[in-house]
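Encoded as structure tokens, the structure appears first; notes follow it.
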Amino acid sequence: MRTALVGIDFGKGDFAASLEELSLLAKSAGAQPVTTITGRRGSPDAALFVGSGKADEIKDAATDLELELIIFNHALSPAQQRNLERRLGIRVIDRTSLILDIFAQRAQSHEGKVQVELAQLQHLATRLIRGWTHLERQKGGIGLRGPGETQLETDRRLLGERVKVLRAKLDKLTRQRVTQRRSRGRNNTFSVSLVGYTNAGKSTLFNALTKARVYAADQLFATLDTTSRRIYLGEAGNMVLSDTVGFNRELPTQLVAAFRATLEETIHADLLLHVVDAASPVRMDQIEQVNLVLKEIGADHIPQILVWNKIDAAGQEPGVERDEYDKIRRVFMSAQTGAGVSLLRGALSEFASGDFSLSLSTTELPEEPPVPVLPEPLT
């Protein structure tokens with residue numbers, strides 16, 4: 001599907017990285033980005049988000065390039081989306097709708113599908129109901145007076161009933177997870193959850209540690225369903241490692257709420273392995289974004305080990321970084337090549353044995369590690 005990406009710079013420093021991420025999201029959803037249209041504004045336009053001049057520029061590009069879809073790198077209000085589609089004569093979606101679509105494509109388990117559908121319906125409800133407000137205000141007019149109100153109430157009722165059914169299913173799944181966690185608790189099983197920005201390499205690391213074969217790919221949101229495996233840490237005994245959905249900047253609140261059942265594994269973990277893409281130029285911003293979501297779901301109090309992954313792409317060497325109290329703060333490794341995996345297993349064993357306690361809070365950002373000095377090329 002031939003697509004144009006639209007991004008407006010409101011003066012934030014991460015504009016370029018956010019736009020690049022939008023392109024990856026669009027490709028992950030199956031779109032074909034043909035052009036990127038950018039602009040600068042002090043604040044969004046109330047009616048069109050971009051203003052009339054930029055809207056005309058987008059319309060001309062849609063005609064000249066035979067576009068089928070416009071994706072905005074922002075959250076659009078129902079009115080803005082509706083006004084843009086009327087002005088441009090082409091389908092328009094925002095970043096939230098794009099992420100929801102990717103989740104709908106990737107969900108495999110029953111629980112994942114229920115969570116995605118609930119998030120989609122909650123997102124649709126605002127657009128559907130607000131889209132009918134002109135009929136609610138309608139006091140007269142042939143063909144609009146009664147049927148419009150009847151249609152509105154029907155749509156509201158059907159959406160409400162389906163949301164109620166989905167929430168009941170999620171409640172049942174949540175109770176099942178609580179039972180499973182209680183069983184692990186009775187067995188004193190050490191629990192670890194992988195968290196991190198999407199495409200940081202969590203699933204690849206999960207496979208490297210557990211010898212499992214969960215789906216791992218160089219794409220955003222490759223993993224949606226939580227997978228848990230038991231691994232043996234020698235003298236430290238067994239532990240349960242869980243792979244969870246990756247986080248993302250401006251992650252839709254509907255998704256965070258709907259996936260709370262899945263993220264419960266994170267909330268009740270004994271330790272978080274916060275996986276970071278060491279080769280990403282915006283890795284510090286990504287760490288902050290992940291910590292914001294962890295705070296939102298109530299997991300910001302859980303100790304972390306920062307896993308500086310993809311060191312092979314960043315030109316770094318395997319290693320362990322400790323603070324002045326000899327507490328592990330960071331492990332440098334590559335899940336793809338296997339370099340440093342043994343160091344991470346050692347860190348897990350050390351923590352599980354209770355030899356030290358971590359003090360790294362998700363409210364503080366670690367300092368950037370020193371840039372490695374690479375040898376001069378031979379001449």
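Each peptide in 199-211, 48-60 receives the mean, over its residues, of other Cβ atoms within 10 Å, and ordering these scores from highest gives 199-211, 48-60.
For a modelled paramagnetic label at Glu57, 7 Å from Cα along Cα-to-Cβ, the residues of the stretch 1-25 in reach, with backbone nitrogen under 11 Å, are 7-9. The apolar share of the surface of the stretch 1-95, taken as the fraction of accessible area on carbon and sulfur atoms (1.4 Å probe, ligands and nucleic acids excluded), comes to 46 percent. Within the shell defined by Cβ-Cβ distances under 9 Å, the residues around Leu194 carry a net charge of 0, with Lys and Arg each +1 and Asp and Glu each -1. Of the listed pairs Lys59/Lys113; Lys54/Lys310; Lys172/Lys202; Lys172/Lys295; Lys169/Lys310; Lys59/Lys310, which have alpha-carbon separations greater than 32 Å here? As for pairs spanning more than 32 Å Cα to Cα, those are Lys59/Lys113; Lys54/Lys310; Lys169/Lys310; Lys59/Lys310.
Taking Cβ atoms as reference points and 15 Å as the exclusive limit, the residues near Asp64 contribute a net charge of -3, counting Lys and Arg as +1 and Asp and Glu as -1. May I ask for the net charge around Ile90, where only other residues with Cβ less than 9 Å from the Cβ of Ile90 are counted and Lys, Arg are +1 while Asp, Glu are -1? Result for the local shell: 0. Where both bridge residues fall in the stretch 1-95, DSSP classifies roughly 5% of the beta bridges as antiparallel.
What is the calculated FRET efficiency for Asp45 to Asp171, with r their C-beta to C-beta distance and R₀ = 35 Å, to the nearest 0.05? Rounded to the nearest 0.05, the efficiency is 0.30. Here the dipole of the stretch 26-92 is about 260 debye; that uses its Cα centre as origin and unit charges on the Cβ of Lys and Arg (positive) and Asp and Glu (negative).
The values are calculated or read from the model by the stated rules, or taken from the named source; none is laboratory data. Predicted model only: the values in this text are computed from it and were never measured. Because the Cβ atoms are built from the backbone with ideal geometry, glycine has one as well, and the counts that use them run over all protein chains shown. Quick note on the areas: whole protein, heavy atoms, side chains included, nothing else; ligands and nucleic acids left out. Shrake-Rupley method; radii C 1.70, N 1.55, O 1.52, S 1.80 Å.
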